[in-house]
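Let me begin by presenting the structure, written as structure tokens, before commenting on it.
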Amino acid sequence: MEIRIEAVQIAESFNMKKFRTDFRAEANSGSTSEVFYALVENERFLYVFDYGVVVFANYDAIAKSEFVNFIKNYATTLVDLDLSEEYRIETDETIQKVLVKNNYVTVSQIDSSLMRIVMLNIAQSVALEYYEVLTDELITSSKHYILELEQHGKLSISKTNLLKYIGKVLNVKNSIVDNLYILDDPNLVWDNEELNLLNRHLKANFDINTRFKDLDYRLQIVENNLTLFTDVLNVRESSRLEWVVIILIAMEIAIALFFH
């Protein structure tokens, strides 16, 4: 038996409360931030996360497309990027422990708890890829300003545009901080040694923890650049104010001399 899984980043976030109210299926498990469905009648599994990722298992192209169109109604901001990841689960009743490979995992048998762990890790991987793309864009744009400082010794960016850039950086960072729980392990792994082992192997396979540390490092670089740009802007504004004061004083002296 083989189950094919695909995780897709559809939006920045979903309105989970409204989605769960409108989606007519009984959840296997869930919370305010995620919901997992084991749809027994058609042997499908579905996992939806409020950070905009949906994971499909045993869905054909038509069923997948129909659900994507449905859940877009609950998206705050759609992601215009082709971010997805595929994986599969194979069964072999003769094996004694799970075997995790790059593109598939082999298990002795499949149940909803196992499916949830596998689908969760794939969702985390896709979400991290989305944040990696965002931070790469921020670093690329900041390199332009750094090169300008190196070549011309000044920034041509206006105060308004710089504040917009700072706002964009802070928005990305806050989004990541808000969704830090995506790296948390579900409670069910603590009660099952086999699931705990599977979860740890999958995290290692997708480099979840390593990629998060790299993401945090890149965000720190962007923050350092922001501090530099803000200091340069403050110096520029301070210099401008000093000239305004000098001009006003000069005008006051000139007026005083003229009338005396």
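The values are calculated or read from the model by the stated rules, or taken from the named source; none is laboratory data. Every value quoted in this text rests on a predicted model; they were computed, and no experiment measured them. Note that we place each Cβ from the backbone using ideal geometry, even for glycine, and neighbour counts take in every protein chain shown. Keep in mind that these areas ignore ligands, DNA and RNA; they rest on the heavy atoms of the full protein, side chains included. Shrake-Rupley method; radii C 1.70, N 1.55, O 1.52, S 1.80 Å.
For THR91, THR210, give me the order by solvent-accessible area with a 1.4 Å probe, most accessible first, ignoring ligands, DNA and RNA.
Most to least solvent-accessible, the answer reads THR210, THR91.
Could you sort out which of LYS101/LYS168; LYS159/LYS203; LYS17/LYS203; LYS168/LYS213 sit more than 31 Å apart by Cα distance in this structure?
Violating the 31 Å limit, Cα to Cα: LYS101/LYS168; LYS159/LYS203.
Order the peptides 200-207, 117-124, 66-73 from the highest to the lowest mean number of other Cβ atoms within 10 Å of their residues.
Descending mean neighbour count gives 117-124, 200-207, 66-73.
Return the FRET efficiency for the residue pair ASN171, SER29: r is the Cβ-Cβ distance, R0 is 30 Å, and the value is rounded to the nearest 0.05.
For ASN171 and SER29, the calculated efficiency is 0.45.
Can you tell me the 0 to 90 degree angle between the C-alpha axis of helix 193-205 and the longest principal axis of the chain, rounded to 10?
50
Along the Cα→Cβ direction, 7 angstrom out, place labels at ASP22 and LYS159. What is the inter-label distance in nm?
4.4
Using alpha-carbon pairs under 8 Å, 6+ residues apart, how would you state the relative contact order of the stretch 1-90 in percent?
46
Considering the zone a paramagnetic label at LEU81 would reach in this model (a point 7 Å from Cα along the Cα-to-Cβ line), which residues of the stretch 128-158 have amide N under 14 Å from it?
128-141
For GLU41, GLU137, give the ranking by accessible area with the largest first, probe 1.4 Å.
GLU41, GLU137
Roughly speaking, what is the centre-to-centre gap between the stretch 175-230 and the stretch 1-65 when only Cα atoms are used, to the nearest Å?
22
By how many degrees, between 0 and 90 and to the nearest 10, does the Cα long axis of helix 61-71 differ from the longest principal axis of the chain?
Between the helix axis and the principal axis of the chain, the angle is about 50 degrees.
What is the spin-label model distance, in nm, from VAL133 to ASN42 if the labels are put 7 Å beyond Cα along the C-beta direction?
Here the modelled spin labels are 2.7 nm apart.
How far, in degrees from 0 to 90, does helix 208-259 lean away from the longest principal axis of the Cα atoms of the chain, to the nearest 10?
20
Can you list the lysines whose alpha carbon is less than 17 Å from that of LYS64, not counting same-chain residues fewer than 8 positions off?
The qualifying lysines are LYS72.
What percent do you get for the relative contact order of the chain when only Cα pairs under 8 Å and 6+ apart count?
18
For a test of the definition: using alpha carbon positions, the gyration tensor, and the 1.5 limit on a/c, classify the stretch 1-146 as rounded, prolate or oblate.
oblate
Per-residue accessible area for ASP22 at 1.4 Å probe radius, Å² rounded to 10?
Accessible area of ASP22: about 60 Å².
How much length, in nm to one decimal, is gained on full extension between GLN151 and ILE95, taken as 0.36 nm per residue of separation minus their Cα-Cα distance?
13.9 nm
Can you spot the aspartates and glutamates whose alpha carbon is less than 17 Å from LYS143's alpha carbon? Ignore those fewer than 8 places along the same chain.
GLU132, GLU223, ASP231
In whole Hz and in residue order, list the ³J(HN,Hα) couplings for the stretch 91-104 that follow from phi through the Karplus curve 6.51 cos²θ - 1.76 cosθ + 1.60, θ = phi - 60°; x for Gly and Pro.
Along the stretch 91-104, the couplings run 10, 8, 5, 8, 7, 8, 9, 5, 10, 9, 10, 4, 10, 7 Hz.
How much net charge surrounds SER84 when only other residues with a Cβ under 12 Å from its Cβ are counted (Lys, Arg +1; Asp, Glu -1)?
Net local charge, SER84 excluded: -4.
Nearest 0.05, what FRET efficiency do GLU193 and LYS213 give at R0 = 30 Å with Cβ-Cβ as r?
Computed FRET efficiency for GLU193 and LYS213 comes out at 0.65.
Counting each DSSP H run of 4 or more residues in the chain as -39500 (n - 2.57), what helix-only mean residue ellipticity at 222 nm follows after dividing by all residues, to the nearest 500 deg cm²/dmol?
That calculation yields -19500 deg cm²/dmol at 222 nm.
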